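Notes to accompany the following structure.
The values are calculated or read from the model by the stated rules, or taken from the named source; none is laboratory data. Source: prediction; values computed, not measured. Note that each Cβ is placed from the backbone with ideal geometry, even for glycine, and that neighbours are counted across all protein chains shown.
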Amino acid sequence: MEDISLLLSDIVLNEKFIYGVLSNVKKKSEATFNKVSIKPVLIKEEKKLQLTFEYEKKVIHENLDFLEGIEKIKGLLNEYFRQAMIFTVEADYHILISKKGKATILKKKPTKESIDLSHNRKKTYIIEDGEPCDFLIRLGVMNENGKVLSKKYDKFRQINRFLEMVEDVIPKIKTDKILNIVDFGCGKSYLTFALYHYLVDILKIDVNIIGLDLKHDVISFCNEVANDLNYDRLKFIHGDIKDFTELDRVDIVVTLHACDTATDAALVKAVNWEAQAILSVPCCQHELLDIIHNPIMVPMEKHGIIKEKLSSLVTDSIRANILEILGYSTQLLEFIDMEHTPKNILIRAIKIDKTNKEAVKQYLDFKKFWGIEELYIEKELIDKLNKHLDI
Ligand SMILES: C[S@@+](CC[C@H](N)C(=O)[O-])C[C@H]1O[C@@H](n2cnc3c(N)ncnc32)[C@H](O)[C@@H]1O
């Protein structure tokens, strides 16, 4: 193993390493994984070795400093594997371990090209196509080699867009304590898993994430996936948003495409917890459809298709305005949705503990303009709102 140690130190520390695979598990070993692939990665501007352990139904990544990584590879070859392929910029090495543990290293001409890990490397997505990512493989968005399936490309783009929105939020909130996060109406939870992967595996932030949904089948499916992936600080619970009492303090509330006033129930919870950040993509905003009316707007109201969009926009504008009154800085951003419907607005709100006084007047005038008496969200937050509306 001494020769292997020298070889690995030379190629890794001198940055000649491109890619490696350990395979052919020793029959008598107790390994539960079948293969380990290794590549250099940049994580938060630090160079690491990423070891991807491939099991029957899941993959697990370990990101290690170079020296730790070398030790780990040596240990794996010692105990579990009989073969390794190591691709470098100078040569390909084929390592064979005999039954007695003797290593033979065969050197061949290089067949792979160097990958650029420099800081200037252009990164198009937070999670890249071509890089195996455990939850995306488990959910069938990528294949085992990290290739995104063509029919899942929209989902892949949506996940990355969502993570970009989260990426902007993180520097604006406190992450010194464990972050409690709830995803209301999580459904099949692609975005919940993405959030966990991004915060825990990439940013190394301590989190406790709960996904909540009304559907029993999706909850048991998501718990099974979280378990397979070893996402041990992510759990899924069955229940209705308005009845959720599992946590007393929640830092980030996510609610993506929860229908109609379910979005409002989530916003109400977030405001009552004084959540540091809210990410919400509303959907099916029916509440105001038969309520809003202003004689000047009749040219828009008389067309069903326009009125539906109009009432969604009015609803989301009021939601954003209420959040501004209650101490949030609010932005409405375009979110890639799976369908081209009005459901592509994301409300991103950050707690700033400062009331936007202009928002109070805007809110009252706007409601009057549309003939709106009282909305679900207003009714639920009336005590808090009254403190501001009376001034
Ligand atoms: C359209 S799916 C969205 C799933 C996921 N958030 C996404 O964006 O891919 C909406 C989910 O919200 C759940 N939902 C709707 N109303 C809810 C409520 N009051 N409490 C909990 N879940 C609710 C539904 O069961 C459904 O799974």
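Is region 281-300 home to any residue that is modelled with pLDDT under 95, assigned to a strand (DSSP E or B) and out of contact with any Cys (no Cβ under 6 Å at 6 or more places or on another chain)? So far as region 281-300 goes, yes, one or more of its residues are modelled with pLDDT under 95, assigned to a strand (DSSP E or B) and out of contact with any Cys (no Cβ under 6 Å at 6 or more places or on another chain). Considering only residues that are aliphatic (A, V, I, L, M), modelled with pLDDT under 90 and out of contact with any helix residue (DSSP H, G or I) (no Cβ under 6 Å at 6 or more places or on another chain), which ones fall in region 37-75? The answer is VAL41, LEU42, ILE43, ILE60.
Flag: LEU256 does not match the condition of being within 22 Å of SER311 (Cα to Cα) and more than 9 Å from the ligand (Cβ to nearest atom). The residues in region 41-53 that are surrounded by 19 or more Cβ atoms within 10 Å (Cβ to Cβ) and either in contact (Cβ under 8 Å) with a residue 40 or more places away in the chain or in a loop (DSSP other than H, G, I, E, B) (or both) can be counted, and the count is 1. With respect to the conditions (1) within 14 Å of the ligand (Cβ to nearest atom); (2) part of a strand (DSSP E or B), THR263 lacks only one, and its number is (2).
Of all the criteria given as (1) in contact with a His (Cβ under 9 Å, 6 or more places away or on another chain); (2) in contact (Cβ under 8 Å) with a residue 12 or more places away in the chain, the one not satisfied by THR104 is (2). Among the residues making up region 16-33, those that are surrounded by 14 or more Cβ atoms within 10 Å (Cβ to Cβ) and in a loop (DSSP other than H, G, I, E, B) are LYS16, LYS26, ALA31, PHE33.
The one condition from (1) under 19 Å from the mean Cα position of the chain (by Cα); (2) more than 8 Å from the ligand (Cβ to nearest atom) that GLY185 does not meet is (2). For region 281-311, residues that are surrounded by 21 or more Cβ atoms within 10 Å (Cβ to Cβ) and under 26 Å from the mean Cα position of the chain (by Cα) total 4.
Each row is one residue, and each column tells you yes or no for (1) surrounded by fewer than 24 Cβ atoms within 10 Å (Cβ to Cβ); (2) under 30 Å from GLU54 (Cβ atoms).
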residue: LYS215; (1), (2): yes, no
residue: SER220; (1), (2): yes, yes
residue: VAL225; (1), (2): yes, yes
residue: GLY239; (1), (2): yes, no
residue: GLU246; (1), (2): yes, no
residue: ARG249; (1), (2): yes, no
residue: ALA258; (1), (2): no, no
residue: THR263; (1), (2): no, no
residue: TRP273; (1), (2): yes, no
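Just checking: which of the strands (runs of 3 or more DSSP E) contained wholly in region 142-252 hold 3 or more residues that are in contact (Cβ under 8 Å) with a residue 60 or more places away in the chain, closer than 22 Å to VAL281 by Cβ and not β-branched (Val, Ile, Thr)? In region 142-252, 179-184 are the strands (runs of 3 or more DSSP E) which contain 3 or more residues that are in contact (Cβ under 8 Å) with a residue 60 or more places away in the chain, closer than 22 Å to VAL281 by Cβ and not β-branched (Val, Ile, Thr). The set of residues in region 1-54 that are closer than 13 Å to LEU76 by Cα and β-branched (Val, Ile, Thr) comprises ILE4, VAL21, VAL25, THR32, VAL36, ILE38, THR52. Every test in (1) within 12 Å of the ligand (Cβ to nearest atom); (2) touching a Leu at 6+ places or on another chain (Cβ under 8 Å) is passed by ILE205 save one, and that test is (1).
Let's see how each residue does on (1) basic (Lys, Arg); (2) farther than 21 Å from ASN63 by Cβ; (3) modelled with pLDDT under 95:
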{"residue": "ILE105", "(1), (2), (3)": "no, yes, yes"}
{"residue": "TYR125", "(1), (2), (3)": "no, no, yes"}
{"residue": "GLY130", "(1), (2), (3)": "no, no, yes"}
{"residue": "GLY140", "(1), (2), (3)": "no, yes, no"}
{"residue": "ASN145", "(1), (2), (3)": "no, no, yes"}
{"residue": "LEU149", "(1), (2), (3)": "no, yes, yes"}
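Selection over region 346-388 of residues that are without any contact (Cβ under 8 Å) to a residue 60 or more places away in the chain, assigned to a helix (DSSP H, G or I) and exposed (fewer than 15 other Cβ atoms within 10 Å of the Cβ) gives a count of 11. Out of all the residues in region 340-349, is one or more more than 23 Å from the chain's Cα centre (by Cα) and in the same structural domain as VAL169 (by TED's automatic domain parsing)? Looking for residues that are more than 23 Å from the chain's Cα centre (by Cα) and in the same structural domain as VAL169 (by TED's automatic domain parsing), one finds none in region 340-349, hence no. The residue that is farthest from GLY185 (Cα to Cα), counting only those in region 219-253 that are within 16 Å of the ligand (Cβ to nearest atom) and of a type in the set (Asp, Glu), is GLU246.
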